[in-house]
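What follows is calculated from the coordinates using simple rules that are stated; it is not laboratory data. Not measured: the values here are computed from a predicted model. For neighbour counting, all protein chains shown are included, and Cβ atoms are generated from backbone atoms with ideal geometry for every residue, glycine included.
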Amino acid sequence: LAVFLISTMLAVIYKRRNNAAAVEDEKKKEQLAKASFRVRKSNLMSIAGRGVRRNKKKKQPRLNRDQLITGGESDKAAASWYEWLMSSFVHMMARLLSIISFGYLQLLDHASTSSNTTQSSTQQQHRHTGSRRNKKRANLEGYYDNIAVVGLDCEMVGGGRNGMKSLLARCSVVTLDHIPAQPIYNNNSQSESRQSLTSLSQNLVVLYDKYVIPKEKITDYRTEWSGITKSTYSNNNNNSSIPIVSFQQCQNEITQLFASISNKKVMVVGHALENDFEALEITHPISLVRDTAFFVPYMRQVRTKLYSRKLSVLSSEELGIDIQQQSEHPPPLEDEGSGGVSMIQNDSMVGHSSVEDAAAALRLYWNRCIEWEHSLGYPLSSGGGGGVAATSEWDPLSMYLDGCNLPVAMRGGDFKELFANPPQDRDDGSNENSSTTDQPRSFSITSRKRDKGNVHTTDWMPVFLSALSPNATPKLDKVSILWDGAKYRDILKSRHQRRVFSSEMSDSIVAEITKDGDTVDDVLFDRLCGSDEAAASGSRSHQQIIPLSKAVNILSFDTANQTSALAEDSLSHYVVIRRKGGGSKTHRRLFDKLHLRRPDEGAVCLSGLTNKLQRHSWKLARELQREKGIEKVIECELRRRQDLKHLVVTDDVYLTERLMRSHDVVVLSFMQFSNMF
């Protein structure tokens, strides 16, 4: 304290002396400023602008030794500089002493209370985390009673030029015989899960594992990753116990498997499932898909962006098991009691095993299932906790496809042989206009699309099978594809009968050929709407016009609630847009896209039967909203979802206008139908 007081007194004295010197310097500056305003006679001409006198450069005076040391100042400035140095040194020492004394006192106070506070805080923290973890586990009681969780992985080979196109070559689906007892919620119990899991084949059941013959010619086997060689598809390959099937058979079997397992909804887990679904050419409800490549705790963060990590890295870090390891020696056989799996690695010891990858992805989901479902808001819970049921509560719909006005074709059968032998009439009446029902036939409904010079063929039969499953959304009870009888006039023996035959895959998929002279438009309208007068009177009585902005709000997703974004077919209303005027050139381009080429002709239905269709409808509504003055030439009608009974897919504008007079029918174009599943 004595040193501190003395240093402060000296600092005050030096500060006063410095202030006095500063006052003298300011007086000198003022005198110099006044002297600068005095004008000499020799400078009058240059100031008036009549002439400019060039001033010669004056030689700078030489500085003596004292001036060189002080930077050109006088001896008095050198003395003030010395005093400033001493005062700053005294100030620094005084502050250092005060800081040391204050820190010493704080350390004494902290040492006396640290032991008691740390003990109480740790106890409270353990109680808090324990209650939170028990609360999360309690929410999952009975959550998986009606859900079957499976893992999916596919291996691809290359096709096309330079093998750039991925073709399905192997498909595997696995599951566990029981739900793991202790799924973890965070990283605190990660070490426990590593110790309990010793092998991926533990409690593993292989539901499906087959090689698939690709649809196109193979140009690159990708053996380093797929483990498939040319000898895999040869008849002499007796070493492999995995069967070989065609792409169509694999697609149908996977579709039926994902439709229902023991009358339960199927949740599909995998890594980068978008590639697997694209190779299989199938879809699955988004509420029943869990992709480990896009789960945030499993992703790698670089600044503000998230990137997916490899499945092998996730398995090694999260499960403590290395996968995708190539070895020179064949893998050991597993015991039969370990889940019925003889081998999860490839027979050739080269490339990845789809069974092993599917099992790793499935284990990664169960490793964080509580945290995963909690982040989504428990979308599969039927009640409580703010959950929304994944299945729709609406009545099932009957879907009709206008085969004459859609870019689809019926393939897979000899129609001349089919129609040359008409079946027996199953109706009791002897009327020649009665219909005949054939035995189940093998056929497919396909469409082609040209993209960047390549032609892509889509088979819609697996899509129909998936849509007819009990857990699909929206619920469908029948799919009918209709063609005009005039198209098959040359090969039909009886022109006064309509032909109806179902598919071998499902009795609910029916192909129908009308009588010669009856168009599909008239048949659909008479079957769904009845007379024109009844349909027109019904539409006028229930018509409700709304502005376009309200239609956009109805179709938009609730981004604040993640559960609503996962619920399929959750909108209670849908919007019908009609054209009432001409519009500008930009309006006409948009109207051509929506098949509204003339006023009072045609209509566009914007609905939310599926999440993809709702997103597509919202984009179309936003595109209409961005056009200036378009509300003057369009009309938006609001209709209730609960009134729907039929779904029609057609590009015929006149048929759309006729069918939309009834509130029981919703009409979609082929573009909307492609974005539905």
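Roughly speaking, what is the stretch gain from residue 376 to residue 89, that is 0.36 nm per residue apart minus the C-alpha to C-alpha distance, in nm to one decimal?
On the way: separation 287, 0.36 × 287 = 103.32 nm, distance 6.36 nm.
Contour length minus the Cα-Cα distance gives 97.0 nm.
Full extension of the chain between residue 102 and residue 177 gives 20.4 nm of extra length, using 0.36 nm per residue less the Cα-Cα distance.
Provide the packing ranking of 2-13, 398-409, i.e. peptides ordered by the mean count of other C-beta atoms within 10 Å per residue, highest first. Before the final figure, lay out the partial values.
Details: 2-13: 12.2, 398-409: 19.9.
Result, highest mean Cβ count within 10 Å first: 398-409, 2-13.
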